[in-house]
1. Looking at Val27 and the list (1) among the aliphatic types (A, V, I, L, M); (2) out of contact with any Gly (no Cβ under 9 Å at 6 or more places or on another chain); (3) modelled with pLDDT under 85, which single condition is not satisfied?
2. Would you confirm whether or not segment 239-249 contains a residue that is among the charged types (D, E, K, R) and under 26 Å from Ala90 (Cβ atoms)?
3. Out of segment 267-288, which residues are surrounded by 22 or more Cβ atoms within 10 Å (Cβ to Cβ), of a type in the set (S, T, N, Q) and either in a loop (DSSP other than H, G, I, E, B) or under 11 Å from the mean Cα position of the chain (by Cα) (or both)?
4. Could you please let me know if Gly111 is small (Gly, Ala, Ser), in a loop (DSSP other than H, G, I, E, B) and at pLDDT 90 or above?
5. Would you confirm whether any residue within segment 295-303 is among the hydrophobic types (A, V, I, L, M, F, W, C), under 19 Å from the mean Cα position of the chain (by Cα) and either under 27 Å from Val125 (Cα atoms) or modelled with pLDDT of 85 or more (or both)?
6. Return the residues of segment 175-190 that are modelled with pLDDT under 90 and buried (at least 24 other Cβ atoms within 10 Å of the Cβ); say none if nothing qualifies.
7. Quick check on my filter: what residues within segment 122-169 are within 19 Å of the chain's Cα centre (by Cα), closer than 14 Å to Val252 by Cβ, surrounded by fewer than 23 Cβ atoms within 10 Å (Cβ to Cβ) and at pLDDT 70 or above?
8. Of all the residues that make up segment 43-69, how many are out of contact with any Cys (no Cβ under 9 Å at 6 or more places or on another chain), of a type in the set (Val, Ile, Thr) and either within 15 Å of Ala171 (Cα to Cα) or surrounded by 18 or more Cβ atoms within 10 Å (Cβ to Cβ) (or both)?
Amino acid sequence: MKTWRIATGIVTVAILGLGSSPAVAGVSSSDGRWTSAILESSESIFGGSAVRLRYSNGVTAITQPGTRVTFGESPSLAEDGKGAAIDRWAELAMQMAEPADDAAQKYRESGRSIFADALAAGFPVAEARREQERLDVEAKALDNPDIINSECLYAEDHLPDDRYEWWGCRAMYATPDQDPNNWYSANSSLAHGWGTGVLGGGAELQRGYTQFQFTVDNNNGDLIEFTPQSSINGQNCNVITLGLSYVVEVNVSTQLCDNGWTVTANQLFHKTEWYGASTGGPSDSRHAANAVTLRAANASSSSLAWRIGWRIVCLPGPCM
């Protein structure tokens with residue numbers, strides 16, 4: 001019989017407006033609506049185990065009650081240096097608490113799943129189903145541990161923008177209680193989206209990423225395993241599988257398209273960023289994925305900030 005130690009998040013609500021981005025020659029400007037977004041509605045769902053947060057910039061988040069949500073943007077240059085671009089991100093932050101042994105059971109009993117969270121966030125039904133089917137296949141094939149928590153971010157839900165989309169979901173897994181000195185948190189994330197042609201008045205998607213940033217009191221923690229471990233060249237949208245195996249066996253399957261992924265990692269940070277060009281709408285989707293296992297000393301306070309971000313290129317002027 002396996003004994004599971006469960007990592008859960010306890011979080012507090014805050015909204016951070018970062019102000020509008022300054023104008024920079026040769027790059028896009030912004031009217032500040034993205035970073036100064038206000039919370040338009042907060043709805044308790046799944047028996048109170050999650051909330052649906054809708055913001056004035058079009059973002060919908062499905063997460064635990066009290067999640068700290070922040071937004072950021074900055075002007076940048078297009079990959080070819082000739083276009084007007086803007087980088088944006090959305091982040092969910094939480095405090096990591098001592099494990100609760102019944103978290104997996106409570107997660108299931110509340111009706112939670114990646115599929116349910118994705119639908120609640122506004123994902124198209126087909127996309128939400130693919131998210132869940134991917135996890136179901138991997139769980140069946142590899143006896144993956146139970147999911148104990150999940151979150152989804154959808155960047156264009158109730159204010160749809162037919163020029164581009166970028167969205168993602170995070171899953172947290174049960175980990176075995178086999179270490180008297182430390183506890184563990186295994187997480188995976190998958191983000192994806194698409195863009196449209198700039199000359200037709202669209203927004204070309206040139207970058208998209210998912211990242212984990214942990215903090216642990218007195219630096220008493222580290223990422224003992226993460227995947228991908230290094231940058232990967234593009235593979236013509238072939239399906240690849242990323243895996244964890246040191247503490248738990250978790251696999252994440254996704255597509256890797258041209259031009260590839262850039263990976264940045266250190267003791268408590270991991271980021272996978274796709275780069276290239278998506279101009280064909282929903283049929284031209286691009287993906288970024290990663291998985292990590294955190295080790296933290298018992299009784300230490302720790303936190304997680306999960307972020308998805310993207311770069312779009314527009315005609316000169318604001319990229320709203």
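The values are calculated or read from the model by the stated rules, or taken from the named source; none is laboratory data. As the structure is a prediction and not an experimental result, all values here were calculated from the model. Virtual Cβ from ideal backbone geometry, glycine too; neighbours counted across all protein chains shown.
1. (2)
2. No, segment 239-249 has no match at all.
3. Hit for segment 267-288 is Thr272, nothing else.
4. yes
5. Residues of segment 295-303 among the hydrophobic types (A, V, I, L, M, F, W, C): 296-297, 299.
Right, trim to under 19 Å from the mean Cα position of the chain (by Cα) and you get none.
No - not one qualifying residue is present in segment 295-303.
6. Thr175
7. Once the filter is applied, which keeps residues that are within 19 Å of the chain's Cα centre (by Cα), closer than 14 Å to Val252 by Cβ, surrounded by fewer than 23 Cβ atoms within 10 Å (Cβ to Cβ) and at pLDDT 70 or above, segment 122-169 yields only Ile147.
8. The qualifying residues number 4.
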